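Below: the structure, in C-alpha cells.
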Amino acid sequence: MTTLRWGDDVPSGTADARARLVDAAAVCIDRFGIAKTTLDDVAAEAHVSRATVYRYIPNRDVLVLDVMLRELERSYERSLHDFVDQLATTDDAAIAIVDAAAYLLATVRANPKLQLFLGSDDGGGASTVRGASAAFFAAVADDLRPYLTAARNAGVLRADAPLDDLAEWILRTIVSLLTVPGTRQRTPDEERDLLRTFLVPALLPPG
C-alpha cells in the first residue's frame, strides 16, 4: 500500500489527521475565502491527495463547518459551566438560558471570521451551514447534551421533549438572531427580553 505524504510529519491517527485537514482548510479559507476554497486546495495545503481528504472528511461543507466550529470554540472566554453549574430553581435556569444565549450572540458578533461563516454570501458560509446542517445540529446537540441532562435531572428543564430537539431549538433561535434581520435592530437588552419571552418558556417545565 502506498503511503501518502503529510509533509514531514505523518499524523498519529484519525483524530490527528482530521485536525491537520481542518488546519489546512483554515489556511485556505484565509487565503481564498470560503466560497473559493476547494478540497483540492486543502489537499495541496496538507500535502496529501484529494482521496486522502475523503478518507477523513465526507465533503467540503463538513470540513468548512469543522473550521467554523473550531473558531467558535476558540472564541469562548467562558464555559457553559459558568452559566449552568449552580442551577437549583427554574428562575436560575431562566437567567442562565438568557445569559448563555446573549453571551454566545455577542461572541459570534465580535469575531469577524465567524461573521464571515454565517454571512449570506453566495456559495460561502451560509450555504455551508445549510449543506452540512445535519452535522451542524449533531455537533451542537453533542455539546449541549451533558448540560441539558444535568438541568433535566435537577428538574429545571422540561421533560416532555427529547434533549436533541431542545438543543435544536436553542440553535435555531441563535442562528436566526444572527442571520435573519428583523423589522428593526434591537439593542442587547431588547434581545435579552426577546430570549426571556420566547426561548425560556420553550425550555422550562410547564406550569
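Do we find a residue being surrounded by fewer than 18 Cβ atoms within 10 Å (Cβ to Cβ) and modelled with pLDDT of 80 or more anywhere in region 118-125?
no
Identify all residues within region 70-102 that are out of contact with any helix residue (DSSP H, G or I) (no Cβ under 6 Å at 6 or more places or on another chain), of a type in the set (Ser, Thr, Tyr) and surrounded by 14 or more Cβ atoms within 10 Å (Cβ to Cβ); write none if there are none.
Hit for region 70-102 is THR90, nothing else.
Could you check how many residues of region 46-69 are within 17 Å of the chain's Cα centre (by Cα) and among the basic types (Lys, Arg)?
Summing the residues that are within 17 Å of the chain's Cα centre (by Cα) and among the basic types (Lys, Arg) in region 46-69 gives 1.
For region 156-203, which helices (runs of 4 or more DSSP H) that fit wholly inside it have 1 or more residues that are within 17 Å of LEU144 (Cβ to Cβ) and in contact (Cβ under 8 Å) with a residue 12 or more places away in the chain?
So the answer is 163-179, 200-203.
Of the residues THR52, THR37, which is over 22 Å from ALA138 (Cβ atoms) and buried (at least 19 other Cβ atoms within 10 Å of the Cβ)?
THR37
Test of understanding: among ASP82, ASP9, ASP41, which residue is without any contact (Cβ under 8 Å) to a residue 24 or more places away in the chain, over 17 Å from the mean Cα position of the chain (by Cα) and closer than 26 Å to SER133 by Cα?
Matching residue, one of ASP82, ASP9, ASP41: ASP41.
The values are calculated or read from the model by the stated rules, or taken from the named source; none is laboratory data. All values reported here derive from a predicted model rather than from experimental measurement. Note: ideal-geometry Cβ built from the backbone for every residue, glycine included; neighbour counts use all protein chains shown.
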